Each structure stands twice: as structure tokens, then as C-alpha cells.
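The structure appears right after this line, and notes come after that.
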Amino acid sequence: MPFYPIHPCCYCSKREAGLICSMAQKVECSDFLAYIQKLNNMNAQQVLIKELKYLLSTNKGGK
């Protein structure tokens with residue numbers, strides 16, 4: 001089983017406990033974008049698609 005990078009939100013010092021950043025905040029987050037790039041470079045399409053679907057479904061259009 002491949003070793004995927006740990007989601008950066010797990011250890012983010014900027015977020016408050018229990019709150020999820022909005023889509024706009026994640027798009028501007030260099031750690032999150034690096035994580036997405038690592039998934040893409042690893043050809044981890046299933047994980048990448050799951051992350052992007054979750055991002056879209058939890059942020060309801062970025063608001």
C-alpha cells in the first residue's frame with residue numbers, strides 16, 4: 001500500500017479546533033496546494049479525487 005502525504009490541515013496552526021477552512025482559504029494555503037501537488041505527482045488519482053470532492057461538498061461553493 002502506498003504511503004500518502006499527511007493532510008496538512010491535521011497539523012495546521014492557523015485553524016481553530018473543529019473548524020474547517022473555506023475553499024478560498026484552502027486555495028490560498030501553500031501547504032494544502034503542495035499536498036494536492038504531491039498527490040498528483042504520486043499518481044494518487046483516487047485520493048486526489050476524494051479530497052477534491054470533499055473540498056467541494058464541505059464548502060458549498062466556497063462560502
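Taking a point 7 Å out from the Cα of CYS12 in the direction of its Cβ, the residues of the range 24-45 whose backbone N falls within less than 13 Å of it are 24-36.
Using 0.36 nm per residue and subtracting the Cα-Cα separation, the extra length available between GLU28 and GLN46 on full extension is 4.2 nm.
Computed from the coordinates by the stated procedures, all read-outs in this text should not be read as laboratory data. All figures in this text were calculated on a predicted structure; none of them were measured in a lab. Neighbour counts run over all protein chains shown; Cβ positions are idealised from the backbone, glycine included.
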